[in-house]
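Structure record follows, encoded as structure tokens.
The values are calculated or read from the model by the stated rules, or taken from the named source; none is laboratory data. Values in this document were obtained by computation on a predicted structure and should not be read as measured data. Glycine gets a Cβ as well: all are built from the backbone with ideal geometry, and neighbour counts include every protein chain shown. Please note that ligands, DNA and RNA were not included when accessible areas were found on the heavy atoms of the full protein model with its side chains. Shrake-Rupley method; radii C 1.70, N 1.55, O 1.52, S 1.80 Å.
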Amino acid sequence: MSNIKRVAILGSTGSIGRQAIDVALENKDRFSISALSTNKNIKLLGEQAALTRPQYIAIADEQAYRSYVEGPGAGCVMDIRTGIDGIVSLCGDQDTDIVLNALVGSVGLMPTIAALKNKKRLCLSNKESLVVGGDLVTRLVEEGNPIIPVDSEHNAIFQCLHGHDKKEIKKIVITASGGPFRRRTKKDLKNVTKQQALSHPRWEMGPKITIDSATLMNKGLEVIEAHYLFGVPYEDIEVVVHPQSTVHSMVEFLDGSIIAHLGPTDMRMPIQFALTYPERIPSMVPGLDMQACEDLTFEPVDTDTFECLAYCYEAGIAGKTYPAVLNAANEEAVAAFLDERIGFLDIPSIIRHVMDAHKPVEVSGVDVLEETQRSARRYAGELISKIRSVRA
Ligand SMILES: NC(=O)c1ccc[n+]([C@@H]2O[C@H](COP(=O)([O-])OP(=O)(O)OC[C@H]3O[C@@H](n4cnc5c(N)ncnc54)[C@H](OP(=O)(O)O)[C@@H]3O)[C@@H](O)[C@H]2O)c1
């Protein structure tokens, strides 16, 4: 039997997906690519398919799918699928050993569930699947394979915890760069532009996570993600601002010892570790130059200005359908901000209103989550239209 692991990269045209292809191609003796997927970017998907020769591709958007199969994909030997069902089906193919979920948003939930049900190794970058469906996903993890986190903070914590029992954890400390608006006041944030919000000081990422980093929603989503991945209560998860982003996160143990993970700000490193775990192999990423790390500073996070982080703790602690509602409201608000339909500070305001209006229920299954998210999105949409009509 071949030792080459076959990887399905969901969201291959995105920031993480593209870097995952780089890692796989750099390690052809270990990995081949069985499947790729995109939402609409068929041009890049076609180039990636020509380069990596997967057996399957999925194009979520139906119009993009038609353009592809009637155009560049006509007559090709690959099995081409469409819709979210097409992406989900990639998680069950016999030709796949590892699913790397690099989709953005709650659309990643069903593929996460499918990969776990099909007992694939799940390398998870899509944090929204754990935020929305943490209870359901955790149950599947308990039954079978663990999730290998790709998110740099969680990948770091996963490494710090290696060889330790969960019972030894005193707290998890997640580091935050502080984003482009660190030390700004609410007044300063009133008129910030999309371009300013998209200028992250440390990481190059897709647009949604970059805006989430500017509001600190990303850190809040990571707190919920850490709660589910590591089974640690919210009161034992702390966020600290570390502007250099050299320490990717830390674990404090019962005896007061803190184990931290340091590394360069390059996602190819955690992607590779997730794919090769538990083995470590040389990386294409240049290591950290400790001589150049003059300052490693830490400061408290300002949740009065960056309320989204506080809302995430609130939703996480309240549980039930609250995290799904928080996430749905955020996805709608961020999309509206990226379309320049609302201002930066409208993002937390919309989330607050949607959460306040929500009547939570237990997450008994995916149907409950879908209905909850639909109604949260509807209400967020109404609020966005209202903001626009007041400002017109
Ligand atoms: N980027 C990072 O450095 C980083 C770091 C840590 C964690 N993460 C997490 O990793 C995930 C991916 O982030 P990213 O920055 O790589 O995002 P991204 O650059 O926006 O890429 C997202 C990928 O998902 C596809 N996609 C978007 N909407 C879809 C839909 N409705 N149905 C199916 N596919 C869809 C996109 O296709 P198109 O190309 O057609 O849009 C693209 O391939 C997020 O959960 C993020 O929080 C990212």
Residue-wise HN-Hα coupling along region 50-56, computed from phi with Karplus coefficients 6.51, -1.76, 1.60 (Hz; x: Gly, Pro): 5, 6, 10, 6, x, 7, 10
Extreme residue, positive dipole direction of region 151-303, given options Val285, Ile169, Asn191 (C-beta unit charges): Asn191
Note, ³J(HN,Hα) from phi for region 280-289, Karplus 6.51, -1.76, 1.60, rounded to Hz, x at Gly and Pro: 10, 10, x, 10, 6, 7, x, x, 6, 8
Report in % the part of the accessible area of region 1-77 that belongs to carbon and sulfur, leaving out ligands and nucleic acids; probe 1.4 Å. 47 percent
Lysine pairs meeting the criterion (Cα under 24 Å, 8 or more apart or interchain), as found in region 1-128: 11
At 7 Å along the Cα-to-beta-carbon direction for both Glu340 and Met284, put a label point, then send me their distance in nm to one decimal. 3.5 nm
Could you list the trypsin sites (Lys or Arg not before Pro) in region 192-285 that lie in coil according to DSSP, counting only those with at most 13 other Cβ atoms within 10 Å of their Cβ? Arg280
Would you kindly work out the equivalent ellipsoid of region 109-173 from its C-alpha gyration tensor and give its semi-axes, the square roots of five times the eigenvalues, largest first in whole Å? 21, 13, 11
If R0 is 30 Å, what FRET efficiency do you get for Leu254 and Glu362 from their C-beta distance, rounded to 0.05? 0.35
List, in order, the whole-Hz ³J(HN,Hα) value for each residue of region 179-194 obtained from phi through the Karplus relation with A = 6.51, B = -1.76, C = 1.60 and θ = phi - 60°; use x for Gly and Pro. x, x, 10, 4, 6, 7, 9, 4, 4, 5, 7, 4, 10, 5, 9, 4
Extension gain Arg202-Ala310, at 0.36 nm per residue separation less the Cα-Cα distance, in nm? 36.6 nm
Along the three principal axes, how long is region 319-392 when you take its alpha carbons, biggest first, rounded to the nearest angstrom? 42, 19, 16
Taking H placed 1.01 Å from N in the peptide plane, check which residues at least 5 places from Phe31 or on another chain put their amide H under 5 Å from its amide H. Lys5
Counting only residues 5 or more apart in sequence or on a different chain, those whose built amide H sits under 5 Å from that of Thr321 are Val361
Return a single number: how many Lys pairs in region 151-303, at a sequence separation of 8 or more or on separate chains, have alpha-carbon atoms below 27 angstrom apart. 14
When the Kirkwood radius is taken over all Cα pairs of the chain, what Stokes-Einstein diffusion coefficient follows at 37 °C and 0.692 mPa s, in µm²/s? 153 µm²/s
Nothing charged except the Cβ atoms of Lys and Arg (+1) and of Asp and Glu (-1): what's the magnitude of the dipole of region 319-392 about its Cα centre? Round to the nearest 20 debye. 280 debye
Scaled to the compact-protein estimate 2.2 N^0.38 Å, what is the alpha-carbon radius of gyration of region 5-149, rounded to two decimal places? 0.97
State in Å² the accessible area per residue of region 170-243; use a 1.4 Å probe, count heavy atoms of protein chains only, and round to the nearest integer. 41 Å²
Can you list residues whose amide H is under 5 Å from Asp266's amide H, if they're 5+ apart or on another chain and H is modeled 1.01 Å from N? none
Select from Thr82, Thr52, Ile147 the residue farthest towards the positive end of the dipole of region 48-184; place +1 on Cβ of Lys and Arg, -1 on Cβ of Asp and Glu, and compute about the Cα centre. Ile147
